[in-house]
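Heads up, the thing below is written out as C-alpha cells.
The values are calculated or read from the model by the stated rules, or taken from the named source; none is laboratory data. Keep in mind that this is a model prediction, so the values were computed, not measured. Cβ placement follows ideal geometry from the backbone for every residue including glycine, while neighbour counts extend to all protein chains displayed.
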Amino acid sequence: MPSREDPLDLGTRRGDRLVREVAQAARAARHAAGLSQKRVAAVLGVSRAQVSRYERGARPLLDLREAARLMRLLGQDLAISMYPAAGPLRDAGHAALVARFLKLLHPTLPHRLEAPVPIPRDQRAWDVLLDFGVARVGVAVETRLRDWQALLRREQLKARDARVDHLLLVMADTHANRRAVREAGDALRAQLPLDGRALRPALREGRDPGASGLLML
C-alpha cells in the first residue's frame, strides 16, 4: 500500500501555496487599479514596506481578515473553500474502536487499514476496507456522531469515488450516539438499513452483508 504523507506537511505546503497566490493576486490587482503601494498602505493603516512584504508573501504574513480587507480595497472579494481530503486527526478512542471492529471479522476475510481512495493525489482513505470478493465494503469509524447528514454525505461521496459497493458506519456504543441515531430516525435508517443484528453474523462468517449499515460497538 502506498505511504501517505503527514497531514501537517501537506497542510503546510498548501498554506505556502495559498500565501503565494494571494500575494500574486494582490500585486496584480493593485497594478490593474493603478494604485501605488504607498496609497494602499495609507488606506490600510500599515507601512509601504508592509504592503511590499504582503505582495512578496514575506513575513509577517497576511492574516485572513487583513487579506480580505486588502483584496476588497483592490476591487476583489477573497473567497475560501474547503473540501474533503485526508481524515481528521484521530485519538486513542478511535484506534480502540477500530481494534474492536477487527475482532468481529472472520479470520480469513481480506481487509486493509487506512485504504486510500484510488484517485491520484486524493488523500481520503477508509479506516478499513473489506473485500468479500463479490463486493467491497468501505468502513468509516466514528467515536462521536454529531452532524450525521454531513458525515453521511462525506462518506457516500467517498464510496462513490472509491467504487465500493456498501458503506459501513461503525460507531462507539454511547448514550450520546444512541440518542443521535434515535433523533435521526428513519432518514438515517433509509441510508444505512442494516444494523448489528444483520451485520455481526455476516462479518463473523466472512460473507457480504448485502447492503450498507450502521454498527454500534
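Check region 101-115 and report whether any residue there is surrounded by 14 or more Cβ atoms within 10 Å (Cβ to Cβ), polar (S, T, N, Q) and at pLDDT 90 or above. Checking region 101-115: not a single residue is surrounded by 14 or more Cβ atoms within 10 Å (Cβ to Cβ), polar (S, T, N, Q) and at pLDDT 90 or above.
When restricted to residues that are buried (at least 17 other Cβ atoms within 10 Å of the Cβ), under 20 Å from D122 (Cα atoms) and not charged (D, E, K, R), region 148-165 contains 4.
Every residue, every condition in (1) in a helix (DSSP H, G or I); (2) surrounded by 13 or more Cβ atoms within 10 Å (Cβ to Cβ); (3) without any contact (Cβ under 8 Å) to a residue 12 or more places away in the chain, yes or no:
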| position | (1), (2), (3) |
| --- | --- |
| A29 | yes, yes, no |
| R39 | yes, yes, yes |
| R53 | yes, yes, yes |
| R65 | yes, no, yes |
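Output yes when any residue across region 5-21 is of a type in the set (A, V, I, L, M, F, W, C) and in contact with a helix residue (DSSP H, G or I) (Cβ under 7 Å, 6 or more places away or on another chain), and no when none is. No: zero hits. Residues considered: V117, V137. Of these, the only one that is within 22 Å of A202 (Cα to Cα) and β-branched (V, I, T) is V137.
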